[in-house]
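The values are calculated or read from the model by the stated rules, or taken from the named source; none is laboratory data. Computed from a predicted structure; not experimentally measured. All Cβ positions, even for glycine, are placed from backbone atoms using ideal geometry, and neighbour counts span all protein chains on display.
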Amino acid sequence: MTETERAVINRLQGGFPVCERPFLEAGEKLGLSEDELIGVIRGLLDQGLLSRFGPLYHAERLGGALSLAAMKVPEAEFDAIAERVNAFPEVAHNYARDHALNMWFVLATETPERRRAVLREIEAATGLTVYDMPKITEYFVGLHFAV
Amino acid sequence: MPALDDIDRRLILATQAGLPLTPRPYHTLAEQLDLPPDEVMRRLKHMLDRGVIRRIGVVPNHYRIGYTANGMTVWDVPDERVDELGERVGRMPSVSHCYHRPRHLPDWPYNLFAMVHGRTRADVEREADRIAEVLGAAVRGRSVLYSTRILKKTGLRLQS
């Protein structure tokens with residue numbers, strides 16, 4: 001990674017302006033021309049160092065609620081159970097984690113009623129207990145990765 | 001929260017995968033959507049103000065830039081102190097998400113969750129120790145769960 005790429009990643013994870021020539025304005029602060037900044041961002045995207053460039057939306061304010069749930073899955077059945085859980089379109093993310101509760105997934109549902117209904121359907125499809133862990137309070141969401 | 005209207009939804013659909021890499025990206029969007037550029041910019045600013053857009057910028061692929069250790073640190077702290085402590089832990093720079101969630105006794109005694117990203121597990125452990133210092137005597141139990149495999153990651157997309 002070049003120093004310029006590093007600077008763009010470190011300093012442009014937020015605050016990209018909404019104006020007629022935003023790359024010009026953001027580039028000035030980084031000592032880059034408009035074309036240079038566009039080129040650096042395109043290069044970072046092409047290399048896969050960025051997953052995206054643009055607005056990061058707050059899923060819940062778009063009308064969907066996210067909630068976390070976990071299960072204790074017997075190792076021998078792990079892949080088969082993962083397949084059954086992942087088949088639910090409401091399951092947005094699913095991670096294996098090293099704990100007795102070894103499968104953790106995020107549900108995107110529009111209402112708490114729908115969340116509970118999907119969890120019951122997952123319990124029925126897997127024969128396992130789902131530990132429902134909706135957030136009670138969000139203290140912070142956001143992350144700045146330094147490179 | 002005021003509902004999003006159809007124009008907002010079209011803007012979200014057009015931008016959730018990214019902004020055009022053109023000198024006037026909002027004008028490019030306006031052309032694609034057949035809207036006046038000023039309206040595109042006004043609506044995006046309004047969504048930023050309302051928190052519908054958390055931020056606009058580069059979104060690093062954290063695995064590709066070296067943050068391969070991701071630890072979900074979980075803590076059992078007294079319920080009457082969880083808000084005060086969660087606010088403090090949420091302000092720590094290494095913490096990306098911090099939530100109060102329900103316990104499931106006896107299997108799951110933890111009520112405070114703080115996601116920590118690092119380059120190595122040793123980094124994550126060090127950050128977990130810093131969180132423990134902030135929590136002090138309130139900690140009755142703790143654990144760190146590392147993700148060992150991504151089983152599904154579709155992301156969240158508004159459906160057209």
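The strands (runs of 3 or more DSSP E) found wholly in region A:44-126 and carrying at least 1 residues that are farther than 30 Å from B:Ile65 by Cα and not charged (D, E, K, R) occupy A:65-71, A:103-109.
Across region A:127-139, the number of residues qualifying as over 19 Å from the mean Cα position of the chain (by Cα) and part of a loop (DSSP other than H, G, I, E, B) comes to 5. Evaluation of B:Ile65 against the conditions (1) part of a loop (DSSP other than H, G, I, E, B); (2) surrounded by fewer than 17 Cβ atoms within 10 Å (Cβ to Cβ) shows that the sole unmet condition is (2). Collect the residues in region A:57-78 that are modelled with pLDDT under 95 and more than 8 Å from chain B (Cβ to nearest Cβ), keeping them in residue-number order. Selection gives A:Glu60, A:Ala65, A:Ser67. Residues in region B:1-26 that are at the interface with chain A (Cβ under 7 Å from one of its Cβ atoms) and outside any loop (DSSP other than H, G, I, E, B): B:Ile12, B:Thr15, B:Pro25, B:Tyr26. Only residues that are of a type in the set (Ser, Thr, Tyr) and surrounded by fewer than 17 Cβ atoms within 10 Å (Cβ to Cβ) were counted across region A:118-147, and they come to 2.
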